[in-house]
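Visitor: Quick one: structure below, then a few questions.
The values are calculated or read from the model by the stated rules, or taken from the named source; none is laboratory data. Fair warning: this is a prediction, and the values are worked out from it, not measured in the lab. Note that each Cβ is placed from the backbone with ideal geometry, even for glycine, and that neighbours are counted across all protein chains shown. Heavy atoms of the whole protein, side chains included, go into the accessibility calculation; ligands, DNA and RNA do not. Shrake-Rupley method; radii C 1.70, N 1.55, O 1.52, S 1.80 Å.
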Amino acid sequence: MLLAHRIRIDANATQRDYFARAAGTARRVWNWALAEWRRQIAQGHKPNAMALKKQFNAIKYLDPAWLDANGTPWLRSIHRDAHAQPFANLARAWSRYFDQRRAGQRAHSPRFKKKGRCVDSFYLANDKFRLEGRVAVLPKVGRVVLCEALRWPGKIQGASVAREAGHWFLSVQVEVPEQAALRRRTGDAITGVDLGVSSVATLSSGEKFTAPRPLQGALRRLRIRSRRLSCKLESAKTSIGIAGRVPKGTRLPASKNRTKGAQALARLQARIARVRRDFTHKLTTRLCRESQAVVIEDLNVKGMLANSRLSRAIADVGFYEVRRQLQYKALRYGTRIVLADRWYPSSRLCSNCGIRNGELVLRERTWTCASCGTHHDRDVNAAINLQRLATDALAAQTALPEASLAATPGTAAALEPAAGGKVTPVRHEHGQQDGSGQEEDAAHICSRLR
Ligand SMILES: [Zn+2]
């Protein structure tokens, strides 16, 4: 199982300087490669990453654009991996773009990276660095102190160094042996989870989780810091005599105060992200640890975000991230993730008598069933319905899974269809940033309506 561990680096000034230069190199090489790729396409050629890299290697120590003021090639001071990897990344980005286009999804072609606007990062191949407890020995920089030792045993596949709000992080990809990656479950419940805005997750047991909604809390401070930064940008613009839009390619003079303002804003954004991440990790771990099956709705998050009145609250909770984490953690705990069809009327069915009630507006938090008279909490009722859905689907199989399933990850898709329903395995792929880079299958159930 491929897992990534992201560790903060306690870097000194020299190391930070090197990291910034290496990340800058990676960005500049990416931009060079992308420009060249586009140029070749425009001329009717078929570019590929290997040929581009060869072409770059031929000029990288000679071309005046890649020499410093003394005429020496500055690329020599940066480790090779930092400027070799962008070619592979670019090839991946193009093929992802074409895959998405072919699948009829919305996609955008690879873009140029802009300093200060992109994630600063660079790559390290697994044979170029080593870890000794809380010390990493990196090429060109030597020993750097880490805030934590690597958590998992296994074969290291590679690493990248990236900056987030002034801190540098080492993200190590490890191929963890199955036995070490598996975790013991503490419960065998079948849990229905209703995701919502007022309480982010309501379990079929009736328990409700309120998300910290970090963005909501930080909005005021965010506005203040953004305004301060924008004042500094304005004054930078007037100092070089620009009014209105900044023409493309202009470089605004960066003052000390502007840099400080930008850093303060970035620190706040990073804090918001951290609070959110902490909450979703704790929630999803608990769900996977305590249940043999977790049922969630296959929400149309993109569509929900299009609702301008709700989008901020929805984005603040991070529904998609909840689902992504559930899906990779399920493999480690041997938990089954069941996705209920997005048209399953979970909030409208009465969990007591099974009668389908009329449309509910979002405002109605509680309702009373017209036929049996039960008073329902909207979210708890939906969670119970989702739980039922999975219980039925699992009962359609001969036996409930008791042992851990994680040893055979593919089996999650082998769920039998509930009578009258259909099961479509959905593929879910996620990035290498955190969690695993594996593909997972989850059962997709469209159940009969009762
Ligand atoms: Zn009823």
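Visitor: With Ser109, Ser95 as the choices, which residue is of a type in the set (S, T, N, Q), closer than 19 Å to Trp30 by Cβ and outside any helix (DSSP H, G or I)? Quick ask: steps written out before the conclusion?
Guide: Details: Ser95 fails: outside any helix (DSSP H, G or I).
Exactly one residue qualifies, and that residue is Ser109.
Visitor: Ok, one more. Among the residues of the range 248-269, what is the count of those that are assigned to a loop (DSSP other than H, G, I, E, B) and not hydroxyl-bearing (Ser, Thr, Tyr)? Explain how you work it out, then say what you get.
Guide: Of the range 248-269, the ones assigned to a loop (DSSP other than H, G, I, E, B) are 248-255.
Narrowing further to those that are not hydroxyl-bearing (Ser, Thr, Tyr): 248-249, 251-254.
The number of residues fulfilling the criteria is 6.
Visitor: Could you run through the range 121-131 and say how many residues are closer than 15 Å to Arg6 by Cα and open to solvent by less than 40 Å² (accessible area, probe 1.4 Å)?
Guide: Summing the residues that are closer than 15 Å to Arg6 by Cα and open to solvent by less than 40 Å² (accessible area, probe 1.4 Å) in the range 121-131 gives 2.
Visitor: Another one. Note down all Cβ pairs under 8 Å where the first residue falls in the range 359-373 and is closer than 18 Å to Tyr344 by Cβ and without any contact (Cβ under 8 Å) to a residue 40 or more places away in the chain, the second is part of a loop (DSSP other than H, G, I, E, B) and of a type in the set (D, E, K, R), and they're at least six residues apart or on different chains.
Guide: Every condition considered, the pairs that remain are Glu359/Arg348; Leu360/Arg348.
Visitor: May I pose another question? Could you count how many residues in the range 1-51 are of a type in the set (A, V, I, L, M) and over 23 Å from Cys118 (Cα atoms)?
Guide: Step one: of the range 1-51, the residues of a type in the set (A, V, I, L, M) are 1-4, 7, 9, 11, 13, 20, 22-23, 26, 29, 33-35, 41-42, 49-51.
So of that shortlist, the ones also over 23 Å from Cys118 (Cα atoms) come out as 1-3, 41-42, 50-51.
Result for the range 1-51: 7.
Visitor: Please find, among Ala20, Ala58, the residue that is open to solvent by 20 Å² or more (accessible area, probe 1.4 Å), among the hydrophobic types (A, V, I, L, M, F, W, C), assigned to a helix (DSSP H, G or I) and more than 30 Å from Cys147 (Cα to Cα).
Guide: Details: Ala20 fails: more than 30 Å from Cys147 (Cα to Cα).
From the options Ala20, Ala58, the qualifying one is Ala58.
Visitor: Any idea which residue in the range 207-232 is modelled with the lowest pLDDT, counting only those that are more than 28 Å from Leu287 (Cα to Cα) and out of contact with any helix residue (DSSP H, G or I) (no Cβ under 7 Å at 6 or more places or on another chain)?
Guide: Leu219
Visitor: Of the conditions (1) crowded, with 17+ Cβ neighbours inside 10 Å; (2) under 21 Å from the mean Cα position of the chain (by Cα), Lys237 clears all except one; give me its number.
Guide: (2)
Visitor: Let me ask something else about it. Would you say Asp99 is without any contact (Cβ under 8 Å) to a residue 12 or more places away in the chain, open to solvent by 40 Å² or more (accessible area, probe 1.4 Å), within 31 Å of the chain's Cα centre (by Cα) and more than 25 Å from Lys128 (Cα to Cα)? Show your work before the answer.
Guide: Working: without any contact (Cβ under 8 Å) to a residue 12 or more places away in the chain: yes; open to solvent by 40 Å² or more (accessible area, probe 1.4 Å): yes; within 31 Å of the chain's Cα centre (by Cα): yes; more than 25 Å from Lys128 (Cα to Cα): yes.
Spelling it out, Asp99 is indeed without any contact (Cβ under 8 Å) to a residue 12 or more places away in the chain, open to solvent by 40 Å² or more (accessible area, probe 1.4 Å), within 31 Å of the chain's Cα centre (by Cα) and more than 25 Å from Lys128 (Cα to Cα).
Visitor: If you don't mind, another one. Kindly indicate whether any position in the range 331-340 is modelled with pLDDT of 75 or more, surrounded by fewer than 20 Cβ atoms within 10 Å (Cβ to Cβ) and not in a strand (DSSP E or B). Walk me through it before giving the result.
Guide: At the first step, the residues of the range 331-340 found to be modelled with pLDDT of 75 or more are 331-340.
Cutting the leftovers down to surrounded by fewer than 20 Cβ atoms within 10 Å (Cβ to Cβ) gives us none.
No, the range 331-340 contains no residue that is modelled with pLDDT of 75 or more, surrounded by fewer than 20 Cβ atoms within 10 Å (Cβ to Cβ) and not in a strand (DSSP E or B).
Visitor: While we're on this one: Just for the range 184-198: of the residues that are more than 22 Å from the chain's Cα centre (by Cα) and part of a loop (DSSP other than H, G, I, E, B), which one is surrounded by the fewest Cβ atoms within 10 Å (Cβ to Cβ)?
Guide: Residues of the range 184-198 that are more than 22 Å from the chain's Cα centre (by Cα), as a first pass: 184-192, 198.
Filter once more, so that each one left must be part of a loop (DSSP other than H, G, I, E, B): 184-188, 198.
Numbers: Arg184: 8, Arg185: 18, Thr186: 11, Gly187: 10, Asp188: 13, Ser198: 13.
So, considering only residues that are more than 22 Å from the chain's Cα centre (by Cα) and part of a loop (DSSP other than H, G, I, E, B), the one surrounded by the fewest Cβ atoms within 10 Å (Cβ to Cβ) is Arg184.
Visitor: Go through (1) touching a residue at least 60 places away in the same chain (Cβ under 8 Å); (2) aliphatic (A, V, I, L, M); (3) within 14 Å of the ligand (Cβ to nearest atom) and name the single condition Leu331 misses.
Guide: Among (1) touching a residue at least 60 places away in the same chain (Cβ under 8 Å); (2) aliphatic (A, V, I, L, M); (3) within 14 Å of the ligand (Cβ to nearest atom), Leu331 violates only (3).
Visitor: Here's another thing I want to ask about it. Working only within the range 273-287, note down all residues that are more than 15 Å from the chain's Cα centre (by Cα) and either outside any helix (DSSP H, G or I) or free of Cβ contacts under 8 Å to residues at least 60 places away in the same chain (or both).
Guide: Lys282, Thr285, Arg286
Visitor: Follow-up question, since we're still on this one. Test of understanding: among Gly71, Gly116, which residue is assigned to a loop (DSSP other than H, G, I, E, B) and over 23 Å from Thr14 (Cα atoms)? First the steps, then the outcome.
Guide: Values: Gly116 fails: over 23 Å from Thr14 (Cα atoms).
Unique residue meeting the criteria: Gly71.
Visitor: Same structure, new question: Across the range 341-386, what is the number of residues that are open to solvent by less than 60 Å² (accessible area, probe 1.4 Å), among the charged types (D, E, K, R), away from the ligand (no atom under 14 Å from the Cβ) and within 17 Å of Ser199 (Cα to Cα)?
Guide: Total satisfying the criteria: 1.
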